[in-house]
Amino acid sequence: MKSVLRIATVDPGEASRNELKSLLLGIDTVWLEAECSRYEFFPDVVRQTQPDIALVNVDADSAAAVKMIAEITSDVPQCAVLVVSSSTEGSLILQVMRAGACEFLNQPLKLDDFVAALDRIRTLRGTGTGGTSESGRVISVAGVGGGVGCTAIAVNAAAALAQTPSVTPVVIDLDLTLGDVDVWLDIIPEYTLHDVAENIGRLDYSLLKRSLTRHDCGVYLLPRPVEIEGQDLIRPEDLRRILSLLRATFSHLIIDVSKAWGPLDLAAMEASDEILLITQLDLSCLRNVVRIMQHLNEHSDLGGRVRIVVNRMGLEDSDISIDRALDTIGCEVFWQLPNDYATMAGARNNGRPLSQHSPKARLTRSIRDLVMRLSANDESASEETPAEKKKGLFGLFSR
Ligand SMILES: Nc1ncnc2c1ncn2[C@@H]1O[C@H](COP(=O)(O)OP(=O)(O)OP(=O)(O)O)[C@@H](O)[C@H]1O
Ligand SMILES: [Mg+2]
């Protein structure tokens, strides 16, 4: 997946600026960081926002624009300048290129031309599909039955991640009807997923950050909508765009997907690097593990991203041993979390994650170790060459 390129644009002409904005909104891999209507203010905007790309329409005053481009390329050399103009005059092209612009595109801007230019800028910077912005890791937490512990694990894994100072995790509550991540974090949020989806068209970096609420453990929350009705207003394409914007800002996106396994849940899983599939050791859960894995392997490539986590190990009313469970599901268990109801329920009832409520409990340590194992997986995955990655994926399918 290509990561998001952050763009700042300047165009004194309102009509062409709006036209450009609607074009940008249709592209998942760009983020409009700032827009400006005056050439003289634009170098400051670029210095402050440090975008990956400065997109300049030079038509209003080409001489002033060329001067400004030279200022930007000398002051902020890591920012690539992309010029748009309705003129095809050779001398103008030469002037903007000499001022340091790396692309010249014709107005009206065509989507294909623009996407190709973005790809060239990526290649020029040697970042391939990675883009220039660091891209967050996306982990979906899915369950094979109600109450298996998805929300508990999503919230506490995020809090465990947040203990590392440079890490900024955000939990997204995708259980649109009954989601309760806000209860686990004791947060009364101002904005919800619905507000963010509704404003996706004019969402910018600062508005998105302001829409999220931060718990003092360092975890950010994007909660489910308040109203039960109107959930179909959030479309998979809105969610995909929200996730790609969040990826550009946060180090980890932890998605508590719903148990409906509907289009939004699948869109979230498709955008995920890893899917934690939470189960307990009872017959209905284990049967659903088999059904879900079969479904994912037959209809998508998602099976390869699944890590099975057995929750509440040692729960008294479970009479199935882990060995028998392994036989039944026929695939590897990634992690086992111990059962400790008093500690988990205590944390939830206090609206504080385990890392704050019971930092030394065995369950807390086990969740922290799970997170460390996931991070170790990330590192080894990023060290693999694309060819090795491909082999690994096929290996899983042929098992
Ligand atoms: N490892 C654990 N040990 C003991 N209790 C646990 C453990 N994990 C979760 N629980 C408890 O199980 C109950 C259900 O957990 P949780 O709400 O996280 O499940 P869920 O899968 O999100 O449920 P839902 O299907 O309603 O979304 C909670 O009371 C929680 O405290
Ligand atoms: Mg839940």
Would you look at the GNM of the chain, springs on alpha carbons closer than 10 Å, and say which of Gly218, Gly147, Gly179 moves the most? Gly147
Using modelled amide H (1.01 Å from N, peptide plane; none on Pro or chain starts), what sits under 5 Å from the amide H of Thr9, excluding residues fewer than 5 places away? Ala34, Glu35, Cys36, Leu55
To the nearest 10 degrees, how steeply does helix 341-350 sit against the main Cα axis of the chain, on a 0 to 90 scale? 40
Just to check I understand the Karplus step: with θ = phi - 60° and J = 6.51 cos²θ - 1.76 cosθ + 1.60, what whole-Hz values come out for segment 165-177, glycine and proline as x? x, 7, 8, 10, x, 10, 9, 10, 8, 9, 7, 5, 8
Which ³J(HN,Hα) values in Hz, rounded to whole numbers, follow from the phi angles of segment 139-148 under the Karplus curve 6.51 cos²θ - 1.76 cosθ + 1.60, where θ = phi - 60° and Gly and Pro get x? 10, 8, 10, 10, x, 9, x, x, x, 7
Short version: ³J(HN,Hα) in whole Hz for each residue of segment 81-97, in order, from phi by Karplus 6.51 cos²θ - 1.76 cosθ + 1.60 (θ = phi - 60°), x for Gly and Pro, what are they? 9, 10, 9, 10, 7, 8, 8, 10, 4, x, 5, 5, 4, 4, 4, 5, 5
Angle, helix 386-397 long axis vs. longest principal axis of the chain, Cα atoms, 0 to 90°, nearest 10? 30
If one builds a Gaussian network model of the chain from Cα atoms under 10 Å apart, the most fluctuating residue listed among Asp52, Asp44, Asp256 is Asp44
Amide H contacts under 5 Å for Thr168, placed H, 5+ residues apart: Ser251, His252
Given H placed 1.01 Å from N in the peptide plane, which residues other than close sequence neighbours of Asn311 have an amide H under 5 Å from its amide H? Thr279, Gln280, Leu337
In the chain, how does Rg compare with the Kirkwood Rh, expressed as the Rg/Rh ratio over alpha carbon atoms? 1.04
Can you tell me the alpha carbon radius of gyration of segment 5-130 divided by the globular rule-of-thumb value 2.2 N^0.38 Å? 0.94
Please compute the net charge surrounding Met344, taking Lys and Arg as +1 and Asp and Glu as -1 over other residues with Cβ under 13 Å from its Cβ. +3
Report the residue, chosen from Glu227, Glu33, Glu71, that carries the largest GNM mean-square fluctuation when the chain is represented by alpha-carbon nodes joined by springs under 10 Å. Glu227
Fully extended contour minus Cα-Cα distance, from Leu23 to Asp61, at 0.36 nm per residue: 11.4 nm
Quick check: the angle from helix 62-75's long axis to the longest principal axis of the chain, C-alpha only, nearest 10 degrees? 50
Note down the net charge around Gln231, summing +1 for each Lys or Arg and -1 for each Asp or Glu among other residues with Cβ under 11 Å from its Cβ. -2
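Read the figures in this text as sums done on the coordinates, not as results from a lab. As the structure is a computational prediction, the values presented were derived from the model and not from experiment. Please note: Cβ atoms are built from the backbone with ideal geometry, for glycine as well, and neighbour counts cover all protein chains shown.
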